[in-house]
Amino acid sequence: MMNNAPADPPAGPRAPATAATTAVHAAGLTVRRGTGRTSRTVLDSIAFDVPRGRITGLLGPSGCGKSTLMRAVVGTQAHVTGTLDVLGRPAGHPALRSRIGYVTQAPSVYDDLTVRQNLDYFAAVLDPGRAAAGRRAATVARAIADVGLTTHADALAGNLSGGQRSRVSLAVALLGTPELLVLDEPTVGLDPVLRRDLWNLFHDLAARGATLLVSSHVMDEAERCHELLLMREGRILAQDTPDALRTRTRSATVEDGFLRLVEEAAAAPQTTPAATTTAAATTTAAAAATTAPAREQTR
């Protein structure tokens, strides 16, 4: 297993976003729900980039729009406007289905099937045909081992604990070796040992070349990420590395830095979404230049 701590970034300013270096690119991304007087803005003209081969943590309080953003990335969210490119294609493009693994907050498994049967079923959907049977069996065995469920492979999913069922969902997402993993609060309800093991797995997957977008409302998990997107009330407060965020806010922890950004946002004069997006981009660029000696150029 790899160490939880992300590798120190190489010094230098952030590289310009390109399809080769960026897994997800968003600009002016907006999601509204409802119509007329009952409509509300869930994502408010946000802009961000998710670098390839890295773990990007999407952090913020419950209800700030994290799950909506993730559904938009995987192409299942309605009423999305703005620019959202994923692995070089528009979000939701049919060609992306086999390249993205998605784990929702609620485990997506069949309770009347065993762990292995669940994975066999989904593996057959991804890689059908008798000729692929051997390849599917190896893929299923690898995914079960990756999530630490080898000893429970023949147990009914309905008889597993909540944390174990969540790991079955993660194993399903790992089938086919996706380029991008979108994980919506995957460690909720897990004990500290399982959380540590999952984060070790996430770093191992990133080392193999996968890109991970992981949401959480637990701020101590921010320290395990290479890059952070901090959200509040449908807006991106900051995108930075943990070290750069602490330096920028002169805070001892990421949580303290987040709270300082919340206070600054509350004290700032109200602006239109377009002006907010422009100001956020300017602030991010300035922070990148200021903290360049402590930063890493993302892959």
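The values are calculated or read from the model by the stated rules, or taken from the named source; none is laboratory data. Note that this is a predicted model, so its numbers are computed, not measured. Glycine also receives a Cβ, built like all others from the backbone with ideal geometry; neighbour counts cover every protein chain displayed. Remember, those area values only see protein heavy atoms, side chains included, never the ligands or the DNA or RNA. Shrake-Rupley method; radii C 1.70, N 1.55, O 1.52, S 1.80 Å.
Some points to look at:
- Residue match in region 157-165 (condition: of a type outside the set (D, E, K, R) and within 30 Å of ARG52 (Cα to Cα)): yes
- Total residues in region 146-156 satisfying the condition of being farther than 9 Å from ALA171 by Cα and open to solvent by 10 Å² or more (accessible area, probe 1.4 Å): the figure is 7.
- Residue in region 57-65 that is closer than 17 Å to ALA210 by Cβ and in contact with an Asp or Glu (Cβ under 8 Å, 6 or more places away or on another chain) present: yes
- TYR121 being over 22 Å from ILE236 (Cβ atoms), hydroxyl-bearing (Ser, Thr, Tyr), open to solvent by 10 Å² or more (accessible area, probe 1.4 Å) and not in a loop (DSSP other than H, G, I, E, B): yes
- Residues in region 177-200 that are of a type outside the set (Asp, Glu) and surrounded by fewer than 20 Cβ atoms within 10 Å (Cβ to Cβ): THR177, VAL188, GLY189, LEU190, PRO192, VAL193, LEU194, ARG196, ASN200.
- With a requirement of 3 or more residues that are under 16 Å from VAL103 (Cα atoms), within 19 Å of the chain's Cα centre (by Cα) and modelled with pLDDT under 95, the helices (runs of 4 or more DSSP H) lying completely within region 125-237 that satisfy it span 162-174, 192-207.
- Here region 99-118 is the region considered, the condition is being under 22 Å from the mean Cα position of the chain (by Cα) and of a type in the set (Ser, Thr, Tyr), and the residue that is surrounded by the fewest Cβ atoms within 10 Å (Cβ to Cβ) is SER108.
- Of the set (1) free of Cβ contacts under 8 Å to residues at least 12 places away in the same chain; (2) under 29 Å from ALA143 (Cβ atoms); (3) of a type in the set (D, E, K, R), all apply to ARG40 but (2).
- Enumeration of residues in region 201-236 that are open to solvent by 40 Å² or more (accessible area, probe 1.4 Å) and either among the hydrophobic types (A, V, I, L, M, F, W, C) or touching a helix residue (DSSP H, G or I) at 6+ places or on another chain (Cβ under 9 Å) (or both): ASP204, ALA207, HIS217, VAL218, ASP220, GLU223, ARG224, ARG232, GLU233, ARG235
- Unique residue being touching a helix residue (DSSP H, G or I) at 6+ places or on another chain (Cβ under 9 Å), within 29 Å of GLU223 (Cβ to Cβ) and of a type outside the set (S, T, N, Q) when the list is PRO186, PRO192: PRO186
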